[in-house]
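Worksheet: one structure, shown below.
No lab work stands behind these numbers, since they all come straight from the coordinates. This one's a predicted model, so the numbers in the text were calculated from it and none came from an experiment. With ideal geometry, Cβ positions are generated from the backbone for all residues, glycine too; neighbour counts draw on all protein chains shown.
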Amino acid sequence: MQRSLINELPKLKFISRYSYSAESGMHYPLHHHPELTELLFIADGGAKYTIDGNGYEAEKNAFVLFQQGVWHEEWSLPGKPIEFFCLGFSGLQLSGLPENFILERTKAAVIFLPSFAAEASRIIRELYREANSSAPESAFIADQQLAIFISYLCRHLHYLPEAEKKKRTHRADSAALAQKFIAENYNKPITLAHIARASWASPSYLSHFFKEETGLSPIQYVIRIRLDVAMHLLETTDDTVEQIAERVGYTSTTSFHNIFKRENSLSPGEYRRKFLE
């Protein structure tokens with residue numbers, strides 16, 4: 001289990017819900033909060049912000065951070081309504097960050113986390129209901145809900161990016177292994193399963209990330225390598241089309257001829273004649 005970066009959990013100062021029509025609009029002039037951090041969740045519509053001198057636009061499901069002491073200004077977008085929740089907290093301490101900071105000051109203050117948006121909306125709405133309830137222990141429960149929300153937010157902002165980076169590195173490494181295997185075995189009978197085993201990935205997963213890395217599926221990549229070699233042989237040797245087809249891994253000359261013409265708009269013979277002109 002990873003060590004938590006949360007040293008002190010926050011206390012809720014307030015949570016409010018705001019709604020402005022397209023006609024009325026919204027504008028909060030330049031200001032800052034010297035003793036707390038505000039976090040907005042855009043429930044609908046959109047707005048623009050100047051935060052620490054940087055301009056941003058935020059749309060539905062975005063998070064907007066006004067961290068403690070940071071100057072900011074807020075406007076609704078022309079002709080668009082906006083609905084948002086605004087919660088203020090203090091007492092948060094993350095390792096290596098100033099009090100009540102969730103992110104380094106140099107990071108973007110408007111955050112889009114599509115995979116967390118639905119869960120965040122649910123937690124924030126429950127927190128809003130609890131904080132504005134007169135039920136016993138509502139303030140205590142609201143603080144616990146805030147702690148859960150901030151903990152999830154930290155997971156997405158601080159831990160998942162590193163995990164995704166490792167995942168991308170692994171995919172790039174596996175794609176490189178697949179490319180190496182294809183380059184060394186294109187002239188043999190080769191299937192997706194063969195390539196997947198060589199790259200330590202399942203066939204379906206390989207197909208997904210290989211195309212992201214190369215722009216081609218694994219089998220399309222095999223075809224591209226075979227045709228590149230075939231064109232080189234057509235240009236530099238006197239081998240027959242049948243011989244070249246066999247040398248690049250095709251047992252059927254007809255299949256080779258059809259694939260070559262489909263990919264190059266010329267038959268192998270036409271390609272050779274055009275090259276020799």
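Miscellaneous remarks
- Matching label, Cα extents along the principal axes in Å computed from the structure shown, candidates (i) 57, 47, 37; (ii) 85, 37, 36; (iii) 87, 48, 32: (iii)
- Residues whose placed amide H lies under 5 Å from that of residue 70, excluding near-sequence neighbours: 33
- 0 to 90° range, to nearest 10: angle between helix 160-185 axis and the chain longest Cα axis: 0 degrees
- Between the helical axis of 138-154 and the longest alpha-carbon principal axis of the chain there is an angle of about 30 degrees.
- Shown in residue order for the range 65-81 are the 3J(HN,Hα) couplings computed by the Karplus curve 6.51 cos²θ - 1.76 cosθ + 1.60 at θ = phi - 60°: 9, 10, 6, 3, x, 8, 6, 7, 9, 10, 9, 6, 6, x, x, 10, x Hz (x for Gly and Pro).
- At R0 = 45 Å, FRET efficiency that the Cβ-Cβ distance of residue 262 and residue 148 yields, to 0.05: 0.20
- Spin-label model, residue 204 to residue 274: label points 7 Å out along the Cα-to-beta-carbon direction sit 4.0 nm apart.
- Rounded to the nearest Hz, the phi-derived 3J(HN,Hα) couplings of the range 272-277 under the Karplus curve 6.51 cos²θ - 1.76 cosθ + 1.60 (θ = phi - 60°) are 4, 5, 5, 5, 7, 5, where x marks glycine and proline.
- Among the listed pairs 13/48; 60/107; 13/60; 180/211; 48/211; 180/274, those whose Cα-Cα separation exceeds 27 Å are 48/211; 180/274.
- For the chain, the mean residue ellipticity at 222 nm estimated from helices alone is -14500 deg cm²/dmol, where every DSSP H run of n ≥ 4 contributes -39500 (n - 2.57) and the total is divided by all residues, rounded to the nearest 500.
- Residues with amide H under 5 Å from that of residue 113, placed H, sequence gap 5 or more: 63
- Length gained on full extension, residue 139 to residue 228: 25.1 nm, using 0.36 nm per residue less the C-alpha separation.
- Packing around the peptides 82-90, 96-104, taken as the average count of other Cβ atoms within 10 Å per residue, puts them in this order, highest first: 82-90, 96-104.
- Each Lys and Arg Cβ is given +1 and each Asp and Glu Cβ -1; about its Cα centre, the range 1-104 then shows a dipole of about 260 debye.
- In terms of the mean number of neighbouring beta-carbon atoms within 10 Å, the peptides 65-72, 24-31, 223-230, 238-245 order highest first as 65-72, 223-230, 238-245, 24-31.
- With Cα atoms, 0 to 90° folded angle of helix 218-236 axis to the chain main axis: 40 degrees
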